[in-house]
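Participant: Sharing a structure below in structure tokens format, with a few things to ask.
The values are calculated or read from the model by the stated rules, or taken from the named source; none is laboratory data. Just so it is clear, the structure is predicted and the values come from calculations on it, not from any experiment. Methodologically, a virtual Cβ is constructed for each residue, glycine included, from the backbone with ideal geometry; neighbour enumeration extends over all protein chains shown. Side chains included, ligands, DNA and RNA excluded: accessible areas come from the protein's heavy atoms. Shrake-Rupley method; radii C 1.70, N 1.55, O 1.52, S 1.80 Å.
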Protein chains: 2
Amino acid sequence: MTQLQEAKVGVITDAMRTVAEREKAPPETVLAEMAAGRAVIPFNPSHKNCRPVGVGRIFSTKINANLGCSKDRSSLQEELSKLDVALKYGADFVMDLTVGKDVSFIRGEMLKHSPVPLGTVPIYETVSRLEGSVPKMDMSLLLDVIEEQAEQGVDFMTLHAGLLRRHIPLAMKRVMGIVSRGGSLMAEWMLEHDKENPLYENWDKVLDILVKHDVTVSLGDGLRPGCLADASDEAQFEELSVLGELVKACRERGVQVMVEGPGHIPFNEIKMNMEKEQELCFGAPFYVLGPVVTDIAPGYDHLVSAIGATAAATYGASLLCYVTPAEHLGLPTEEDVKQGCVAYKIAAHAGDVARGFPGAADIDLKMSEARKNFDWDKQFECALDPETAKARWMKGEPESHDEDHCTMCGKEFCAVRTTKRIKELLAKKD
Amino acid sequence: MTQLQEAKVGVITDAMRTVAEREKAPPETVLAEMAAGRAVIPFNPSHKNCRPVGVGRIFSTKINANLGCSKDRSSLQEELSKLDVALKYGADFVMDLTVGKDVSFIRGEMLKHSPVPLGTVPIYETVSRLEGSVPKMDMSLLLDVIEEQAEQGVDFMTLHAGLLRRHIPLAMKRVMGIVSRGGSLMAEWMLEHDKENPLYENWDKVLDILVKHDVTVSLGDGLRPGCLADASDEAQFEELSVLGELVKACRERGVQVMVEGPGHIPFNEIKMNMEKEQELCFGAPFYVLGPVVTDIAPGYDHLVSAIGATAAATYGASLLCYVTPAEHLGLPTEEDVKQGCVAYKIAAHAGDVARGFPGAADIDLKMSEARKNFDWDKQFECALDPETAKARWMKGEPESHDEDHCTMCGKEFCAVRTTKRIKELLAKKD
């Protein structure tokens, strides 16, 4: 039975209990949210040594790191190193987006090495097996790939089942068209074969496989906007409404489901986008990519999208897919993976603080107490990236490193030191 | 006559005209906003070769870079190099926050080298002259320093005139107390001498000097919160309400005025903070530092605060003071200055797009068109930091650099390429 099926009959599973404990939530609340489909625990029993992680608004906001070889670049070894970096900097989930050769072998190794749930986009392997030729794809091959990946232990899969034929002309009106790799491949196939989206048409067969292995569906947003000019348009929301239908079908069948979201969205439209998904997709956990809030900062898209991701986490998203500084420019390096993860831990945490998630700001308070007391070790302990913070501090003059100020203001102008003197003066007057 | 005095009598000055042209705003609108005090042009006639820059909601959002030697560190040469970096990466304003020796000489050189308006915090020089001893300060010295700086050509000055004696106990209830250097020095002085804030008490004398040189006042928020736990508290808003009084006094005297703001503020409280300032300070341009939206990411505070700055620019701020990765850890290096400036150009621009500032999104559209067309040169042209974007792109395999994809997805999986094929398929069907 899947976690959802168990929840529906009122059983609190070990996975739910573990998640409840980690999140300091009552197991009964976790059960209720799981049963309602507002929370998921992507957790394929065949993924050995994987820890269950909860996604939903009752939990803290989670982050995902995309990894995997592109056809032009990278090796298994490099991707495993990036996996280590992602784990070190706090990735709660990883996706293996490898395309090209040895997709299945690489994924197997990634699964072995990953203690966090791992996701895939099965159409990537499918089209890779056909050496990139989309027209040659048929549904039975796609189903085979989904089944093999499920058996191998993949915890969640992005399936672009909501992009329908009638949406394609809407997307072609855009500046950027379709920027989802999976979405564009599905659209090309539909036009080549003059048929409807095969995942949509065969959704029951897909669910048969997923329910057997308790693979969580991540409904892909094939029509996510690829630039500000395309944001919040008809194509995007028409697809989103189909994703809502598919959410219902998944829940009825006992398959856990989350919904993927944009993309490139101006800052002022993020709240509306989060609310629209909650409404059209019946509160299914929202898994967003960014969003990027301006198109003009390639090289800094981790930062640009952390702005959007903070707003997304504040207003409705539960899982944030990182964007790295390499976005729009190339495959991320290890350093890019680090920068992406840290930026997204910041966004997830700032969002949790902003939405008043219980206990979220405790660590901020601890940091501030350490700052007030010039307890540098404690400050680094509270820091999201202690090594970087400490290294930066060490750049100052050596004399400043033993105690009660830093080189930013210097001893005489340090406001925290002055505050201490003010307190002494006030105490004297009393 | 100051720009404000001219505006009040209906004169469109050369500075207003230049600003209007650059901002593509009708000169009459600039005049009206200046007269109402909702816009300022910090522009001291003694600052030779300085270009006028407008601050206010009718203009695009501006950024400021803080520079200057701390007592423990840095030299004039280093600070001039940082000034070059700040200008290269788009700083619209700079502040020289030098403390210690040779403050006046360093500032003179900075003024000579800066084609953008330059600001200071006069109490830094005052206390530096007394070798850090706040108790020795008297008002005549502070007035002398303000006058000398005004004569030298300083375009705007931060004066902590709104932090009153009765506010100090409120601030001492906080976790972090007073984190503004100037604010904490003023508070210490008040307690040592058992007197009210001398700037507040002598505000007319201060305005006499400023009006003569058309120096713009930047009303310092001595009680800005220094951690999330202290945000939006009584101390902060009591001071803000005094700043509102001072805004009125400035405007009556014909002195241009803007108001400084926080600081550390949770993401969800930023909108309220922006609106409160507009209300309590009668629409005076709001000049904010960040805000930082979580305390726990030292080493990344440029990113953390760019999140807050985007929200601030969206909801009411007109000028964003950058925060660098060195914040809370040490004096910024050249690289920190660069990172701070780029992060804040992103925030200012994303905010302008979000508030629907006319024409703001044009460059995003241009970038997106270039992306669609694989016009890499045009993409770099549209990029906020062309060099970094290009260098990152060049890391990919050489074969990918002449044309129609990048190493992120590779040729076969590039969605933009697939979109092209989809368009061809659709055209065939028509």
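Participant: Over all directions, the average projected area of the alpha-carbon convex hull for region B:247-335 comes to how many nm²?
Facilitator: Mean orientational projected area (region B:247-335, Cα hull): 6.3 nm².
Participant: Here's a follow-up. In what sequence, highest mean first, do B:358-366, A:162-170 appear when ranked by Cβ atoms within 10 angstrom?
Facilitator: Values: B:358-366: 16.7, A:162-170: 19.9.
Top to bottom by mean Cβ count within 10 Å: A:162-170, B:358-366.
Participant: So what's the convex hull volume per residue for the Cα atoms of the protein assembly as shown, in Å³?
Facilitator: About 146 Å³ per residue, rounded to a whole number.
Participant: For a Förster distance of 56 Å, can you work out the FRET efficiency between the beta-carbons of residue B:427 and residue A:22, rounded to the nearest 0.05?
Facilitator: 0.55
Participant: Quantify how strongly other chains surround peptide A:262-270 by giving the mean number of their Cβ atoms within 10 Å of each of its Cβ atoms.
Facilitator: 4
Participant: Restricting to region B:3-354, compute how many DSSP beta bridges are antiparallel as a %, nearest 5.
Facilitator: Of those bridges, close to 10 percent are antiparallel.
Participant: Further question: Taking each residue in A:415-428, count the Cβ atoms of any other chain within 10 Å of its Cβ, then average. What number comes out?
Facilitator: 6
Participant: Tell me, what HN-Hα J-couplings in whole Hz come from the Karplus equation 6.51 cos²θ - 1.76 cosθ + 1.60 at θ = phi - 60° for each residue of region A:195-212, using x for Gly and Pro?
Facilitator: 10, 6, 3, x, 5, 5, 5, 10, 4, 4, 5, 4, 5, 4, 5, 5, 5, 5
Participant: Right, something else. Rounded to the nearest angstrom and ordered from largest down, what semi-axes does the equivalent ellipsoid of region A:187-259 get from its C-alpha gyration tensor (root of 5λ)? Please report the intermediate quantities before stating the final value.
Facilitator: Details: eigenvalues 115, 53, 19 Å².
Listed largest to smallest, the semi-axes of region A:187-259 are 24, 16, 10 Å.
Participant: In addition: Estimate the FRET efficiency between residue B:140 and residue B:51 by the formula 1/(1 + (r/R0)^6), using the beta-carbon distance for r and 30 Å for R0, to the nearest 0.05.
Facilitator: Rounded to the nearest 0.05, the efficiency is 0.30.
Participant: Length gain on complete extension for the stretch residue A:76 to residue A:282, per 0.36 nm per residue less the alpha carbon to alpha carbon distance?
Facilitator: In short, 70.3 nm is gained.
Participant: Follow-up question, since we're still on this one. Assuming R0 = 30 Å, what is the FRET efficiency of residue B:113 and residue B:366, from their Cβ-Cβ distance, to the nearest 0.05?
Facilitator: With a Förster radius of 30 Å, E is 0.40.
Participant: Amide H of residue A:39 versus every other amide H placed in the peptide plane: which residues, excluding those fewer than 5 positions away on the same chain, fall under 5 Å?
Facilitator: Hits under the 5 Å cutoff: A:34.
Participant: Nearest 100 Å², what total accessible surface is buried between chain B and chain A (probe 1.4 Å)?
Facilitator: Interface between B and A: roughly 9500 Å².
Participant: Another question about this same structure. Hey, what do the phi angles of region A:49-54 turn into as Karplus ³J(HN,Hα) couplings, whole Hz, using 6.51/-1.76/1.60 and θ = phi - 60°, x for Gly and Pro?
Facilitator: Result, ordered by residue: 6, 8, 9, x, 10, x Hz.
Participant: Lysines within cross-link reach of residue A:276: Cα-Cα under 24 Å, excluding same-chain residues under 8 positions apart?
Facilitator: Straight-distance partners of residue A:276: A:62, A:173, A:248, B:271.
Participant: Sticking with this one: Out of B:267, B:281, B:164, whose Cα points farthest toward the positive end of the dipole of the protein assembly as shown (charges: +1 Lys, Arg; -1 Asp, Glu; placed on Cβ)?
Facilitator: The residue sitting most towards the positive pole is B:281.
Participant: Okay, next question. Rounded to the nearest 5, what % of DSSP beta bridges with both residues in the protein assembly as shown are antiparallel?
Facilitator: Taking every DSSP beta bridge with both residues in the protein assembly as shown, the antiparallel ones total about 10 percent.
Participant: Near residue B:76, within a Cβ-to-Cβ distance under 9 Å, what is the net charge of the other residues, with Lys and Arg +1 and Asp and Glu -1?
Facilitator: Taking every Cβ under 9 Å from that of residue B:76, the sum is -4.
Participant: Suppose all protein chains stay in the model; what accessible area per residue would a 1.4 Å probe give for region A:276-383, in Å²?
Facilitator: Each residue of region A:276-383 exposes 24 Å² on average to a 1.4 Å probe.
Participant: Same structure, new question: Would you mind computing Rg(Cα) / (2.2 N^0.38 Å) for chain B, counting N as its residues? Spell out each step's value before the answer.
Facilitator: Values: Rg = 23.1 Å, N = 430, 2.2 N^0.38 = 22.0 Å.
Expressed relative to 2.2 N^0.38 Å, the Cα Rg reads 1.05.
Participant: Ignoring any ligand, DNA or RNA, what whole percent of the accessible area of the protein assembly as shown comes from carbon and sulfur when the probe is 1.4 angstrom?
Facilitator: Result for the protein assembly as shown: 49 percent of the exposed heavy-atom area is carbon or sulfur.
Participant: What are the residues whose amide H is under 5 Å from the amide H of residue B:95, where those residues sit 5 or more places off or on another chain and H is modelled from the backbone?
Facilitator: Those qualifying (amide H under 5 Å, at least 5 residues apart or on another chain) are B:65, B:66, B:67, B:119.
Participant: Another question, then. Starting from the Cα of residue A:24, draw a straight line to each of the aspartates and glutamates and keep only those under 19 Å, dropping any in the same chain fewer than 8 residues away.
Facilitator: By straight Cα distance, residue A:24 reaches A:14, A:33, A:92, A:352, A:362, A:364.
Participant: Let me ask you something else. Between copies, how close do the residue A:201 label points come, placed 7 Å along Cα→Cβ, listed in nm from shortest?
Facilitator: Residue A:201 label point versus its equivalents elsewhere: 8.6 nm.
Participant: Put a label point 7 Å from Cα along the Cβ direction on residue A:81, then list its distances to the equivalent points in the other copies in nm, shortest first.
Facilitator: 3.0
Participant: Roughly how many nanometres apart are two label points built 7 Å out from the Cα toward the Cβ at residue A:101 and residue A:208?
Facilitator: 3.6
Participant: Might you tell me the accessible area per residue for region A:99-239, computed with a 1.4 Å probe and given in Å²?
Facilitator: Using a 1.4 Å probe on heavy atoms only, each residue of region A:99-239 averages 31 Å².
Participant: Just need log10 I(q)/I(0) for region B:362-429 at q = 0.24 Å⁻¹, Debye formula, equal scatterers on the alpha-carbon atoms, no solvent, rounded to two decimals.
Facilitator: The Debye formula, applied to the Cα set alone, gives -1.10.
Participant: When each copy gets a label point 7 Å from Cα toward the beta-carbon at residue A:427, what are the spacings between them in nm, shortest first?
Facilitator: Result, one decimal in nm: 8.0.
Participant: Can you work out ³J(HN,Hα) from phi for every residue in region B:349-366, in order, using Karplus 6.51 cos²θ - 1.76 cosθ + 1.60 and θ = phi - 60°, giving whole Hz and x for Gly and Pro?
Facilitator: 5, 4, x, 4, 4, 5, 8, x, 4, x, x, 4, 7, 4, 5, 5, 5, 4
Participant: Hey, another quick one. Where Lys and Arg each count +1 and Asp and Glu each count -1, what net charge lies around residue B:211 among other residues with Cβ under 13 Å from its Cβ?
Facilitator: Charge balance in the 13 Å sphere: -1.
Participant: Let me know the mean shielding of A:384-394 by other chains, meaning the per-residue number of their Cβ atoms within 10 Å of its Cβ.
Facilitator: Average neighbour count from other chains, rounded to a whole number: 5.
Participant: Hey, another quick one. So, how do all the Cα-to-Cα distances of region A:317-363 break down into 10 Å bins, in percent, from 0 on up?
Facilitator: With a bin width of 10 Å, the distribution comes to 27, 41, 23, 9.
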